[in-house]
Amino acid sequence: MIKKKGTVYRLETPATTLVLKADTAQILYYGKKLVSADWCEALRSSPCRLFSEYGQGDFNEQSVLLVNADGGFSTNFVYSKSKILAEKPVLENLPSSYGESKTLELKYVDATKVALYLYYTVFEDTDAIAVSAKIVNGAKKEIHIKKLASVQAELTGRFEFITFNGAWARERRKNARAVCGGTFVNESRAGASSHAHNPFVMAKGEKGVFGFHLLYSGNHKESMTEYDGVTRVIAGINDFMFDWTLGAGEEFCAPEAAMCYAETEDALSRQMHAFAAEHVVRGKWKKRERPVLVNSWEGAYFDFNADSVVEMAKVSKDLGAELFVLDDGWFGRRNDDTSSLGDWSDNVEKLGCTLAELAERVRGCGLKFGIWIEPEMISEESELFRSRPAYAMRVPGRTPVRLRNQLALNMADEKVQNFVVRTVSDVISRCGASYVKWDYNRMLTDCFGKGVAAGEYFHRYMLGVYKVISKVVKRFPFVLFEGCAGGGARFDLGMMSYFPQIWTSDNTDARDRLQIQDGSSYGYPQSVMGAHVSASPNHQSGDSHPLETRFNVACGGLLGYELDVRKLSEKDKKTVAAQISFYKEHRKLLQFGNFYRLGDSFGGDYGGFISVSPDRGAAIAVIAAEKRTNVPPPRVAFKGLNPAYVYEVTARRQENYENNLSFTAGGDVLMCGELFFPDFYDDASARENSGCMYTRMFLIKKQKNL
Ligand code: DGJ
């Protein structure tokens with residue numbers, strides 16, 4: 001809801017209030033819901049502003065930086081008008097949130113007639129406010145945009161800047177640092193949102209936690225600056241090498257960001273989950289239970305043919321899987337990662353048949369067929385490179401940097417975009433894929449496109465990708481798309497606007513995965529996180545974990561198996577079949593329940609998660625802990641239950657535990673932090689593995705009211 005009193009606007013969600021004064025561009029208040037009606041006067045002297053520019057005595061990190069037509073940097077954006085729009089404006093060619101909501105539009109104009117627009121859309125059901133910015137060049141000459149952030153929020157007080165950082169195979173580890181006397185930055189310059197610095201950040205202070213979440217998959221930058229007791233948070237496209245020429249009469253839209261406030265990190269996470277699931281993920285799969293898949297990658301890598309794939313598919317079907325995904329290696333002459341990207345023709349010699357025939361054989365086993373593709377890339381060893389070398393992204397006269405032996409395509413070029421739409425559409429149509437894994441396995445280094453200004457390249461690349469993806473997704477509305485970028489290098493709300501799920505990380509080691517999923521869960525719901533059970537010892541870590549542990553952890557996301565199912569022992573096959581049948585029975589709750597992190601997965605006594613049904617009548621929890629010599633099992637607290645209910649708690653029957661625990665307790669007892677499971681370390685299979693993580697899964701069901 002948006003209320004107006006003069007030029008003061010009050011943006012209300014059930015739990016938060018944002019008060020803006022349009023004419024002075026002030027944020028009078030943002031935080032916990034205010035109920036009192038006499039709000040404007042008392043808050044008038046707020047030092048917090050909606051945007052910051054150069055040339056008016058502000059020397060901190062700014063949100064808007066231009067080079068004017070006269071060559072100067074100074075702007076002075078003065079209030080022009082404001083209005084409430086009944087519908088959210090469309091962000092042309094950019095990912096965006098959607099849904100019924102009102103939007104506040106604010107307009108400020110500089111003496112040069114360049115206008116700055118700010119948009120605030122209130123999503124009441126999720127306590128989130130989507131923010132975006134636009135520059136319209138009303139001057140007669142071109143200007144340069146050096147920076148246009150999506151959102152600026154100034155908050156009084158001191159804050160911790162919380163970011164999610166890492167690398168390949170250890171994405172999104174939570175880091176916090178106190179922001180004091182300067183600017184602290186979280187940014188990607190890699191051309192993708194990156195493994196290293198996710199575009200979701202939090203500002204945590206005495207009054208609560210503020211979340212800022214960019215809907216963008218390219219170079220981004222989030223900064224927090226503390227100056228004179230005010231903390232300025234800015235999020236948007238990275239201004240690193242950014243220089244956008246805006247002709248007379250043209251406009252430039254910054255990507256959208258979502259911001260929200262909650263008293264605790266837990267509450268903020270659930271707002272972000274709801275926002276992503278309700279207002280970002282779209283299409284047929286939005287609220288649909290996702291299929292249990294078997295993916296060929298870690299089971300076969302490049303070493304397969306149609307017969308071996310069909311053998312794997314048959315076993316997968318017997319185990320209860322619903323979808324078989326043929327990963328990398330089915331096209332061109334691809335037998336390792338040195339060739340063929342771009343040649344999306346069937347490798348008949350290797351498969352022994354066409355892709356369409358293979359897909360039909362897999363479907364004949366009673367499974368849906370899914371396919372892997374990496375459309376934005378090109379191998380120099382490929383027909384495509386030989387015939388269309390200009391499609392590759394390279395700087396003329398320089399030796400390009402190869403990462404994973406490959407170059408990227410110049411996605412800023414319309415010809416390349418059309419080629420990609422054509423080839424991807426053809427692959428999907430000819431094999432009748434029900435699922436597509438869209439991979440992207442290198443960061444960008446040789447950013448260059450003929451006719452594209454260097455300072456525009458990174459963003460034009462992303463605009464090209466979004467254009468292509470939105471066309472393909474529209475053309476195949478029933479196909480389930482899973483985004484991927486060498487694991488989770490484009491795990492962001494930008495991609496999630498098109499792809500309802502994303503491969504979270506290439507690291508499937510249960511202990512590492514628990515942490516990666518835990519870090520990811522601060523900003524993203526479990527319904528977008530691909531999570532697979534893989535072989536033991538794990539191919540990334542070399543560590544071993546019991547099959548039940550690998551399953552319990554994968555239940556924190558969208559379950560799949562990524563191992564050679566033919567090699568499972570008969571005993572393990574039985575275990576997997578029981579796991580899949582359990583998962584199918586409970587996947588609605590696991591995939592779409594309200595998700596809470598339990599304990600502390602980063603070195604606490606225990607970690608884990610619980611997914612609770614909206615009415616709090618049912619939940620599934622996973623507890624994980626590492627055994628240390630002569631240390632008793634942890635004392636555990638569940639979360640999200642109703643303290644006024646009595647629940648029946650049953651441990652899932654795990655192949656590695658003899659004791660099948662079951663008891664009854666009040667919701668308050670289950671959440672009090674004193675739950676103790678004496679047999680927690682009695683795991684039969686774990687005893688054989690040193691340094692093992694022990695896990696148990698609990699089904700929690702309401703029995704009655706207290
Ligand atoms: C990277 C992905 O993250 C993996 O899952 C797999 O698809 C490989 N690429 C294939 O090359």
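The values are calculated or read from the model by the stated rules, or taken from the named source; none is laboratory data. This structure is a prediction, so every number in the text was calculated from the model and none was measured. Glycine also receives a Cβ, built like all others from the backbone with ideal geometry; neighbour counts cover every protein chain displayed.
Side notes on the structure shown:
- Among the residues making up segment 524-583, those that are farther than 19 Å from Ile620 by Cα and in a strand (DSSP E or B) are Ser534, Tyr561, Glu562.
- The set of residues in segment 194-219 that are basic (Lys, Arg) and either in contact with a helix residue (DSSP H, G or I) (Cβ under 9 Å, 6 or more places away or on another chain) or outside the structural domain of Ser96 (by TED's automatic domain parsing) (or both) contains only Lys204.
- Here no strands (runs of 3 or more DSSP E) wholly within segment 605-665 include at least 2 residues being at pLDDT below 95 and among the hydroxyl-bearing types (Ser, Thr, Tyr).
- Top-ranked residue in segment 344-365 [being within 30 Å of Arg402 (Cβ to Cβ) and part of a loop (DSSP other than H, G, I, E, B); ranked as farthest from the ligand (Cβ to nearest atom)]: Ser345
- Conditions (1) farther than 30 Å from Phe324 by Cα; (2) part of a helix (DSSP H, G or I); number of the one not met by Arg597: (2)
- With respect to being hydrophobic (A, V, I, L, M, F, W, C) and not in a loop (DSSP other than H, G, I, E, B), Leu407 fits the description.
- Across segment 284-306, the number of residues qualifying as in contact with a Leu (Cβ under 9 Å, 6 or more places away or on another chain), farther than 19 Å from Val576 by Cβ and either free of Cβ contacts under 8 Å to residues at least 24 places away in the same chain or away from the ligand (no atom under 16 Å from the Cβ) (or both) comes to 5.
- The one condition in (1) outside the structural domain of Ser429 (by TED's automatic domain parsing); (2) closer than 26 Å to Arg475 by Cβ that Ala274 fails to fulfil: (2)
- Where Gly71 falls short, out of the listed (1) within 27 Å of the chain's Cα centre (by Cα); (2) modelled with pLDDT under 95: (1)
- Test: Arg587 is surrounded by fewer than 24 Cβ atoms within 10 Å (Cβ to Cβ), among the charged types (D, E, K, R) and either within 15 Å of the ligand (Cβ to nearest atom) or in contact (Cβ under 8 Å) with a residue 24 or more places away in the chain (or both): yes
- Residue selected from segment 422-469 under the condition within 16 Å of the ligand (Cβ to nearest atom) and under 18 Å from Arg189 (Cα atoms), by the criterion surrounded by the fewest Cβ atoms within 10 Å (Cβ to Cβ): Met443
- The set of residues in segment 1-50 being among the basic types (Lys, Arg), touching a Pro at 6+ places or on another chain (Cβ under 9 Å) and buried (at least 16 other Cβ atoms within 10 Å of the Cβ) is empty.
- When segment 216-246 is filtered for residues that are more than 20 Å from Tyr30 (Cβ to Cβ) and surrounded by 19 or more Cβ atoms within 10 Å (Cβ to Cβ), the ones remaining, listed by number, are Tyr216, Ser217, Gly218, Asn219, His220, Lys221, Ile237, Asn238, Asp239, Phe242, Trp244, Leu246.
- Summed over segment 470-504, the residues that are within 16 Å of the chain's Cα centre (by Cα), more than 16 Å from the ligand (Cβ to nearest atom) and either without any contact (Cβ under 8 Å) to a residue 12 or more places away in the chain or assigned to a helix (DSSP H, G or I) (or both) give a count of 3.
- Scope segment 27-45; condition of a type outside the set (D, E, K, R) and either part of a helix (DSSP H, G or I) or more than 16 Å from Tyr79 (Cβ to Cβ) (or both); matching residues: Tyr29, Tyr30, Gly31, Leu34, Val35, Ser36, Ala37, Trp39, Cys40, Ala42, Leu43, Ser45
- Residue in segment 62-76 that is without any contact (Cβ under 8 Å) to a residue 60 or more places away in the chain and buried (at least 17 other Cβ atoms within 10 Å of the Cβ) present: yes
- Given (1) more than 30 Å from Gly208 (Cβ to Cβ); (2) surrounded by fewer than 21 Cβ atoms within 10 Å (Cβ to Cβ), index of the condition Glu278 fails: (1)
- Pair list, Cβ under 7 Å, 6 or more apart: segment 382-410 residue touching a residue at least 40 places away in the same chain (Cβ under 8 Å), other residue of a type in the set (Val, Ile, Thr) and within 16 Å of the ligand (Cβ to nearest atom): Leu384/Ile378; Phe385/Ile378; Tyr391/Ile378; Asn405/Thr338; Gln406/Ile378; Leu409/Ile378
- All of (1) within 16 Å of the ligand (Cβ to nearest atom); (2) surrounded by fewer than 24 Cβ atoms within 10 Å (Cβ to Cβ) hold for Ser536 with one exception: (1).
- Tally of residues being away from the ligand (no atom under 16 Å from the Cβ) and either surrounded by fewer than 16 Cβ atoms within 10 Å (Cβ to Cβ) or in a strand (DSSP E or B) (or both) across segment 370-398: 10
- Of all residues in segment 71-119, exactly one satisfies the criterion of being of a type in the set (S, T, N, Q) and touching a His at 6+ places or on another chain (Cβ under 6 Å), namely Ser97.
- Between Val401, Val416, the distinction of being in the same structural domain as Glu482 (by TED's automatic domain parsing), in a loop (DSSP other than H, G, I, E, B) and away from the ligand (no atom under 14 Å from the Cβ) belongs to Val401 only.
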